[in-house]
Amino acid sequence: MKRFKKLMAIAASVCMAAAVFTGCGGSSQPAASSSGSGASSSGQQQAMKGGGSNIIYIITPSHSNPFFKTEADAASAKAKALGYEVKSVSHDDDATKQSELFDNAISDKAAAIICDNAGADATMAAVQKARDAGIPTFLIDREINGSGIAISQIVANNYQGAKGIAEKFVEQMGEKGEYAELLGKESDTNAGVRSGAFHEVIDQYPDMKMVAQQTANWEQTEANQKTETILQSNPNIKGIICGNDTMAMGAIAAIKNAGLAGKVAVIGVDGSDEAAAAIKDGNMVGTALQQAALIAEMAVEQADKYLKEGTTGLDEKQLVDCIIITKDNVDKLKTFVYKE
């Protein structure tokens, strides 16, 4: 419960910050910057010109995760289409390695950096160092705990998406029964936001009881192991809420191994192809699609505009709404892209 309270506190603080520019779950359309600087809340100083080369660095977590591979591929394709050279690298959620990659970008005189960061606090120094070298950073997927350092922070509306899929979970559970939660990495702000939004919905139903809550750090293998233990200790469990689809896949595998396939409701967040297949097979209730490719492309487009005009014309912090995916619309989802 201490972990949960900590995450809820993080979620509350992030939600309050989000409320300043979106009402914490408002429109996905970014508001125009009143200062025209690309970071209206910070009174941004003179525009950065980039390091002097034509290279855009794209720094993300491991490409072995299809979500991060999608955003890296989408950003790379967009940057190349706009005429830039691309260096796409992974920090593997290691803040020290991420700092080294920022140093490499600075040494290469990068024009700009696109980054899905390795920690809300740990990343601030690296972004500031790039800024001091005249290189603008555009953050995607995960925010940092500060404004006025990066030019843009473009993230999925995790609060809106997690609330939406939690409502589907409650419906599937019939508003009652025991359930467990698998939490993401505690250093990632998204973990707290999603957990807080899940519980904002589920905790309204007194007949729904959380019997276990474990951190699986966004990882499938860890989620599988944690779920096996949870199922053994709680034979009456009827559902598992997961902070992302990767953990949901681990949970589903454990559920199958326990001979409970189709009997335990599972939800996730991301909108992966694996989740789509599980939804079609009846092993998963649904997921909240984070539009990874769209967000990555937006970051590159804003980097290009900023380098050419000295401004993005948009607020630093921008939310892109998630799309709730269930069996009713899963056929429209492929590789984190939803097509009507």
Quiz item: Looking at this structure, is Q204 open to solvent by 70 Å² or more (accessible area, probe 1.4 Å), modelled with pLDDT of 95 or more and either over 12 Å from I240 (Cα atoms) or not in a helix (DSSP H, G or I) (or both)?
Solution: yes
Exercise. Go over the candidates A47, A79 one by one and state the one that is buried (at least 19 other Cβ atoms within 10 Å of the Cβ), of a type in the set (A, V, I, L, M) and more than 15 Å from the chain's Cα centre (by Cα).
Key: A79
Practice problem: Pick out the one residue from G196, G134 that is surrounded by fewer than 21 Cβ atoms within 10 Å (Cβ to Cβ) and either small (G, A, S) or modelled with pLDDT under 95 (or both). | Solution: G134
Quiz item: How many residues are among the polar types (S, T, N, Q) and open to solvent by 10 Å² or more (accessible area, probe 1.4 Å) if we restrict to region 137-157?
Solution: 2
Quiz item: Can we say K129 is within 26 Å of N244 (Cβ to Cβ), in a helix (DSSP H, G or I) and of a type in the set (K, R)?
Solution: no
Exercise. Just one of (1) part of a loop (DSSP other than H, G, I, E, B); (2) surrounded by fewer than 19 Cβ atoms within 10 Å (Cβ to Cβ) trips up N217, so point out which.
Key: (2)
Practice problem: Can you run down the residue pairs with Cβ atoms below 9 Å, 6 or more apart or on separate chains, where the first is in region 155-179 and more than 21 Å from A191 (Cβ to Cβ) and the partner is in a helix (DSSP H, G or I)? | Solution: M173/I202
Quiz item: Restricting the first residue to region 105-120 and requiring it to be within 18 Å of A47 (Cβ to Cβ), which pairs with a second residue that is crowded, with 20+ Cβ neighbours inside 10 Å and of a type in the set (S, T, N, Q) meet a Cβ separation below 7 Å and a spacing of at least six or different chains?
Solution: I113/T137
Quiz item: For region 310-340, how many residues are without any contact (Cβ under 8 Å) to a residue 24 or more places away in the chain and closer than 27 Å to I56 by Cα?
Solution: 0
Quiz item: Quick one: which helices (runs of 4 or more DSSP H) sit completely within region 221-340 and have at least 2 residues that are among the aliphatic types (A, V, I, L, M) and in contact with a Ser or Thr (Cβ under 6 Å, 6 or more places away or on another chain)?
Solution: 245-257, 292-309
Self-check item: Count of region 109-127 residues which are touching a strand residue (DSSP E or B) at 6+ places or on another chain (Cβ under 9 Å) and either open to solvent by 10 Å² or more (accessible area, probe 1.4 Å) or aliphatic (A, V, I, L, M) (or both)
Solution: 9
Exercise. Identify the residue in region 82-96 that is of a type outside the set (D, E) and under 20 Å from the mean Cα position of the chain (by Cα) and, among all such residues, is farthest from I295 (Cα to Cα).
Key: A95
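The values are calculated or read from the model by the stated rules, or taken from the named source; none is laboratory data. Since this is a predicted model, take the numbers as computed values, not measurements. Positions of Cβ are generated from backbone atoms using ideal geometry, with glycine treated the same way; all protein chains shown enter the neighbour counts. What goes into the accessible areas is simple: the full protein's heavy atoms, side chains included, and nothing from ligands, DNA or RNA. Shrake-Rupley method; radii C 1.70, N 1.55, O 1.52, S 1.80 Å.
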